[in-house]
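This report concerns only the one structure given below.
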Amino acid sequence: MARKVAVIGGGIIGATAAFYLSFLDSNHQLAITLFDDGTGQATKAASGIISPWLSKRRNKRWYALAKDGAAFYSKLVADAQLGSDAYQQTGTIVTRRAKDALEALYQEAQIKVAHTPAMQAVQMLSSQEVAQRLPFLTNPPAGIFVKGGAKIDGAVFIDHLLSRAQQNGVTLKRQRVTFDARGAIETTDGPELFENVIVATGTWMKGTLEPLNYLVKVRPQKGQLIDLTVSEHQRAGLPVLMPESLSDMIPFDGGKLVVGATHENDGGFDLQATSAAEATLLGNAKTFAKRLSANQITGVRVGTRAYTDDFAPFFGHLPNNPNILLGGGLGSSGLTTGPIIGYLLAKSIVDHQLGDWQRYTKSVSQYVI
Ligand SMILES: Cc1cc2nc3c(=O)[nH]c(=O)nc-3n(C[C@H](O)[C@H](O)[C@H](O)COP(=O)(O)OP(=O)(O)OC[C@H]3O[C@@H](n4cnc5c(N)ncnc54)[C@H](O)[C@@H]3O)c2cc1C
């Protein structure tokens, strides 16, 4: 009899986990079901930047996870045979206003690139060189180009991963589910018991684990971004701009430009797009792209990020229950850290072995009590 495995949540962690459960299960010993509600999903609303190396964050575990997470994309893209509509390694440009800050960052980048193959190469760019690479900019600051930086379209990425998983036999159920007190999953067809469960419900993990009497210490943060159409960058494969203290600008092929994102702690689970956020994001973008105007905005996307008290992601098994695995608290860099978490959780189920993940995460009991 096949071992029954459930994944709850179909964002970047859950979709990657479902894909790898099916991909690694070469002897077809697992019967895998993914439950996803979809509402508020951070992955679909995300800007899409995969470039953690020059972040100002100094948390060592986070950096190890983000660094390996960025490098992990090449394996995932090959294993799932994803195309350039889902993932593109076009490079990222990280800017600093002050000359000495830019010099310091360049030195840091040179040290890191020497032992980080995924960064590929780094190069100092003058303001003119930045404008040459991003033709819709009018007066950009100087910056550092990181060749290995990448971007994904979160919605397309998830759709492709889930269809690969379904081709491999995963059952996808678009519904919100809960645990009952004995650990069965309450589905629309009644309660169902699974031998292993991966819980990847983002900011909603608190509600998911409540019936099992666990308290999950994550809080929601609202994030909004704008999509624009820009005629100046029909050229394919443009790099991402990551300006200091302003909104990131992510050009996609075909003239789509994404500008984001807001970090609204007061917004919580609210999914309403606001004109204030739209105006702020457009204003930020116009700092370096004066020709942009409100009538180029084609849409506003809203999602909910999950934060822990120490802003660190966590994953591992539920305290006192090795059959339920969790991954969450990904905050603002979850597209970067999510896939490797999904892979490690899936692999541990296929291998019947919990991994030693201390270099990436504190114990889950720090976040779930
Ligand atoms: C505006 C914005 C911009 C961002 N930009 C970037 C970026 O550029 N780079 C980067 O690395 N990260 C970025 N992030 C962060 C990243 O998107 C998130 O950290 C990551 O997507 C979280 O993934 P997840 O799988 O944990 O959760 P989610 O993507 O939120 O997925 C959780 C899923 O679980 C479902 N669910 C919840 N409860 C249940 C239930 N009971 N039953 C069934 N389904 C349930 C939800 O509906 C949802 O579909 C951004 C986030 C936002 C909001």
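Which one of Phe145, Phe194 is more than 24 Å from the chain's Cα centre (by Cα) and either at pLDDT 95 or above or open to solvent by less than 60 Å² (accessible area, probe 1.4 Å) (or both)?
Within the list Phe145, Phe194, the selection yields Phe194.
So that you can scan it fast, the table gives a plain yes or no per residue for (1) modelled with pLDDT under 95; (2) small (Gly, Ala, Ser); (3) under 18 Å from Thr43 (Cβ atoms):
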{"position": "Ala98", "(1), (2), (3)": "yes, yes, no"}
{"position": "Leu102", "(1), (2), (3)": "no, no, no"}
{"position": "Ala109", "(1), (2), (3)": "no, yes, no"}
{"position": "Lys112", "(1), (2), (3)": "no, no, no"}
{"position": "Met119", "(1), (2), (3)": "no, no, no"}
{"position": "Lys151", "(1), (2), (3)": "no, no, yes"}
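The single residue among Val130, Val113, Val94 that is farther than 30 Å from Gly9 by Cα and part of a strand (DSSP E or B) turns out to be Val94. Within segment 24-45, is there a residue that is at pLDDT 95 or above, buried (at least 24 other Cβ atoms within 10 Å of the Cβ) and within 12 Å of Asn168 (Cα to Cα)? Yes: one or more hits.
Applying a threshold of 8 Å to beta carbon distances and a minimum spacing of six or more residues, or different chains, the list of pairs starting in segment 118-146 at a residue that is more than 12 Å from Val94 (Cβ to Cβ) and ending at one that is acidic (Asp, Glu) and modelled with pLDDT under 95 reads Pro135/Glu232; Phe136/Glu232. Look at (1) assigned to a strand (DSSP E or B); (2) away from the ligand (no atom under 14 Å from the Cβ) and you find that Gly169 fails only one, number (1).
When restricted to residues that are more than 13 Å from the ligand (Cβ to nearest atom) and modelled with pLDDT of 95 or more, segment 220-233 contains 1.
Does Gly48 satisfy being more than 8 Å from the ligand (Cβ to nearest atom), under 22 Å from Val240 (Cβ atoms), open to solvent by less than 20 Å² (accessible area, probe 1.4 Å) and in contact (Cβ under 8 Å) with a residue 12 or more places away in the chain? No: the conditions fail for Gly48.
Looking at Ala289, Ala236, Ala261, Ala276, just one residue is open to solvent by 10 Å² or more (accessible area, probe 1.4 Å) and more than 16 Å from the ligand (Cβ to nearest atom), and that residue is Ala236. Annotation: of all residues in segment 1-14 being touching a Leu at 6+ places or on another chain (Cβ under 9 Å) and either within 15 Å of Ala45 (Cα to Cα) or assigned to a loop (DSSP other than H, G, I, E, B) (or both), the one that is farthest from the ligand (Cβ to nearest atom) is Ala2.
Conditions (1) under 24 Å from Thr138 (Cα atoms); (2) modelled with pLDDT of 95 or more, marked per residue:
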{"residue": "Val218", "(1), (2)": "no, yes"}
{"residue": "Leu241", "(1), (2)": "yes, yes"}
{"residue": "Lys256", "(1), (2)": "yes, no"}
{"residue": "Thr262", "(1), (2)": "yes, yes"}
{"residue": "Thr274", "(1), (2)": "no, yes"}
{"residue": "Leu281", "(1), (2)": "yes, yes"}
{"residue": "Ala285", "(1), (2)": "yes, yes"}
{"residue": "Phe288", "(1), (2)": "yes, no"}
{"residue": "Arg291", "(1), (2)": "yes, no"}
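So how many residues does segment 151-161 have that are touching a strand residue (DSSP E or B) at 6+ places or on another chain (Cβ under 6 Å) and either under 12 Å from Tyr20 (Cα atoms) or open to solvent by 10 Å² or more (accessible area, probe 1.4 Å) (or both)?
So the answer is 0.
How many residues does segment 180-224 contain that are among the hydrophobic types (A, V, I, L, M, F, W, C) and touching an Asp or Glu at 6+ places or on another chain (Cβ under 7 Å)? Counting residues in segment 180-224 that are among the hydrophobic types (A, V, I, L, M, F, W, C) and touching an Asp or Glu at 6+ places or on another chain (Cβ under 7 Å) gives 2.
Conditions tested, residue by residue: (1) open to solvent by less than 10 Å² (accessible area, probe 1.4 Å); (2) of a type in the set (A, V, I, L, M, F, W, C); (3) away from the ligand (no atom under 13 Å from the Cβ).
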{"position": "Ser22", "(1), (2), (3)": "no, no, yes"}
{"position": "Ala66", "(1), (2), (3)": "yes, yes, no"}
{"position": "Thr116", "(1), (2), (3)": "yes, no, yes"}
{"position": "Val122", "(1), (2), (3)": "no, yes, yes"}
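Only one of the numbered conditions (1) away from the ligand (no atom under 11 Å from the Cβ); (2) part of a helix (DSSP H, G or I) is not met by Ala31, and that is (2).
Exactly one residue out of Gly254, Gly327, Gly268, Gly331 is within 13 Å of the ligand (Cβ to nearest atom) and farther than 23 Å from Phe19 by Cα: that is Gly268.
The values are calculated or read from the model by the stated rules, or taken from the named source; none is laboratory data. All values reported here derive from a predicted model rather than from experimental measurement. Please note: Cβ atoms are built from the backbone with ideal geometry, for glycine as well, and neighbour counts cover all protein chains shown. Ligands, DNA and RNA are stripped out before the accessible areas are found, and what is left, the full protein with its side chains, is counted by its heavy atoms. Shrake-Rupley method; radii C 1.70, N 1.55, O 1.52, S 1.80 Å.
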